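Every read-out reported here was derived from the displayed coordinates using simple, explicitly stated rules and does not represent laboratory data. Worth saying up front: this structure is predicted, and the values here are computed from it rather than measured. Reconstructed Cβ throughout: ideal geometry from the backbone, glycine too, with neighbour counts over all protein chains shown.
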Amino acid sequence: MKNSTELLTSENLREMGLIGAPKGAGAHFKRFLQRKNLTAADAARDLNVAKSTITRFINGESELSIELATKIKRVYNAPVDVFFRIDAQYKAYVVSQNISKSVA
């Protein structure tokens, strides 16, 4: 940081090693399930989807679809709007990292 009055940003905090890189919505959904003591298999059953749909989502191999978000909201009353915002922030971070690497 340049001076003590500069606002801390996520990037500043990452550079200082105080926070890690952001994670996609799937990682946050995985933690949501863990807090409820649910497995991916439980979620798949509750949401009436294939277990692979849940595991691909929580592993970051697929994005949160509108259909899956609708089921998550209806079954778990989860804050799916937050999952979409988290995912947008994660994607913006990935893009900025890719640009930084291509410029360097």
>> How tilted is helix 80-103 with respect to the longest principal axis of the chain? Cα atoms for both, answer in degrees (0 to 90, nearest 10).
In response: 40
>> Compute the orientation-averaged projected area for the stretch 24-103 from the convex hull of its Cα atoms and round it to one decimal in nm².
In response: 5.2
> With axes computed from alpha carbons, what is the tilt in degrees of helix 25-35 against the longest principal axis of the chain, rounded to the nearest 10 within 0 to 90?
Replying inline: 60
>> Over the chain, with a Gaussian network built from C-alpha contacts below 10 Å, which listed residue (LYS51, LYS36, LYS23) shows the highest mean-square fluctuation?
In response: LYS36
> Taking only DSSP H segments of four or more residues, each worth -39500 (n - 2.57), what value at 222 nm results for the chain once the sum is divided by all its residues, to the nearest 500 deg cm²/dmol?
Replying inline: -20000 deg cm²/dmol
> Taking the Cα atoms only, what angle lies between the long axis of helix 66-76 and the longest principal axis of the chain, rounded to 10 degrees?
Replying inline: 70
>> Could you tell me the calculated FRET efficiency between ASP46 and ILE99, based on Cβ-Cβ distance and R0 = 35 angstrom, to the nearest 0.05?
In response: 0.35
>> To make sure I understand the rule: partners must be aspartates and glutamates, Cα under 18 Å from the Cα of LYS71, and not fewer than 8 residues away in the same chain. Which ones qualify?
In response: ASP42, ASP46, GLU63, ASP81, ASP87
> What residue among VAL75, PRO22, LEU8 has its Cα farthest toward the positive end of the dipole of the chain, where the charges are +1 on Lys, Arg and -1 on Asp, Glu, each on the Cβ?
Replying inline: VAL75
>> Test of understanding: given the chain, find the longest segment containing no GluC sites (Glu not before Pro) that are in a DSSP loop and have at most 13 other Cβ atoms within 10 Å.
In response: 7-60
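So, with +1 on the Cβ of K and R and -1 on the Cβ of D and E, and no other charges, what is the size of the charge dipole of the chain about its Cα centre, to the nearest 20 debye?
Charge dipole of the chain: 300 debye, to the nearest 20.
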